[in-house]
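What follows is a set of notes on a single structure, which appears directly below.
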Amino acid sequence: IFQKQFVYEEVTSTQTVAHELLMEHDEPLLILSEIQTVGRGRFKRPWASKRDTGLWMSLVLHPNISYQQIATFNLFISIAIAEAIKNVTQLEPKIKWPNDVYINDKKVCGFLTEINGDSDGVHTIICGIGININHTIEDFDESIRDTATSFKLESKKETDRYIFIKALIDSIEHYYEAFLSQPFKELKEIYKGYSMIWDRTLRYTEGNKQIYGKAVDLKDDGVLVVLDDTGERHHFISADIEV
Ligand code: BTN
């Protein structure tokens, strides 16, 4: 899919570069950088992106789908990332709905999905993926040392970043084709097999709303159903979940 690839030494954020490049290119794009000086996460959080540690990548895709269909994109991408990690490292990655991948209850990957569209639907997806590969504990800021991890910290060995990138791109291509051709329903059991949020009381925040509850269902359209302590059901299309 990604015949046009852009590899940089240093950028502010591959996500920002992606937004600029998509103005000049109509085909799918892959943008990688060794360093990001202003890497960003969801909720305007900074994302540390040092040299030789992880994978900082943005993808530009042109799906032509409805706004309703885009809701499950993150679910397909999560499976693609988890499967690539599992195959290359033999570790046990778990998906934290909607946008993270964890290993042993610590975050190893986060991604964000931005879209451009109009009244006809979604025309462009700009998906930024950050994966911690060969970080030692000192490579992480002190503030996240308890909650972040890398392949190296979990497996006690280095992973060849280029072998992993190749596996990840193959996996994303596979699951992106699946996203375009299959309803999420058909992959729901695979997704649930990777999911880490079942049967755990967790804090869910979306906008001003905050509840403690247990995820009890993931609907075919990607909506997560959470049961709070009082037995009330809440529906989330996205949320910040505290583990
Ligand atoms: C999150 O967990 O909050 C999402 C993190 C996304 C980080 C990636 S790294 C490549 C791309 N460029 C960015 O500035 N952010 C994303």
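The values are calculated or read from the model by the stated rules, or taken from the named source; none is laboratory data. In this text, all values refer to a predicted model and were calculated from it rather than measured experimentally. All Cβ positions, even for glycine, are placed from backbone atoms using ideal geometry, and neighbour counts span all protein chains on display.
Any chance the range 152-164 includes a residue that's modelled with pLDDT of 95 or more and small (Gly, Ala, Ser)? There is at least one residue in the range 152-164 that is modelled with pLDDT of 95 or more and small (Gly, Ala, Ser).
Within the range 24-70, the set of residues being away from the ligand (no atom under 14 Å from the Cβ), surrounded by 18 or more Cβ atoms within 10 Å (Cβ to Cβ) and in a loop (DSSP other than H, G, I, E, B) comprises PRO28, PRO63. For ASP26, the conditions (1) in contact (Cβ under 8 Å) with a residue 24 or more places away in the chain; (2) in contact with a Gly (Cβ under 8 Å, 6 or more places away or on another chain) all hold with the exception of (2). When ILE131 is tested against the conditions (1) free of Cβ contacts under 8 Å to residues at least 12 places away in the same chain; (2) within 18 Å of THR53 (Cα to Cα), the lone failure is (1).
For the range 177-191, which residues satisfy the criterion of being surrounded by 12 or more Cβ atoms within 10 Å (Cβ to Cβ) and within 24 Å of HIS234 (Cα to Cα)? Listed by number, the residues that qualify are PRO183, PHE184, LEU187, LYS188, ILE190, TYR191. Among the residues of this structure, GLY117 counts as one that is surrounded by fewer than 19 Cβ atoms within 10 Å (Cβ to Cβ), among the small types (Gly, Ala, Ser) and outside any helix (DSSP H, G or I). When GLU83 is tested against the conditions (1) within 16 Å of the ligand (Cβ to nearest atom); (2) in a helix (DSSP H, G or I); (3) of a type in the set (D, E, K, R), the lone failure is (1). The residues in the range 202-217 that are loosely packed, with under 13 Cβ neighbours inside 10 Å and of a type in the set (Ser, Thr, Tyr) can be counted, and the count is 1. Within the range 96-130, take every residue that is aliphatic (A, V, I, L, M) and in contact with a Lys or Arg (Cβ under 9 Å, 6 or more places away or on another chain) and give me the one that is farthest from the ligand (Cβ to nearest atom). Only one residue tops the list, namely ILE103. Per the conditions (1) of a type in the set (D, E, K, R); (2) assigned by TED's automatic domain parsing to the domain that holds ASN74; (3) surrounded by fewer than 12 Cβ atoms within 10 Å (Cβ to Cβ), the sole criterion not satisfied by ASP170 is (3). Among the residues of this structure, GLU20 does not count as one that is of a type in the set (D, E, K, R), within 15 Å of the ligand (Cβ to nearest atom) and assigned to a strand (DSSP E or B).
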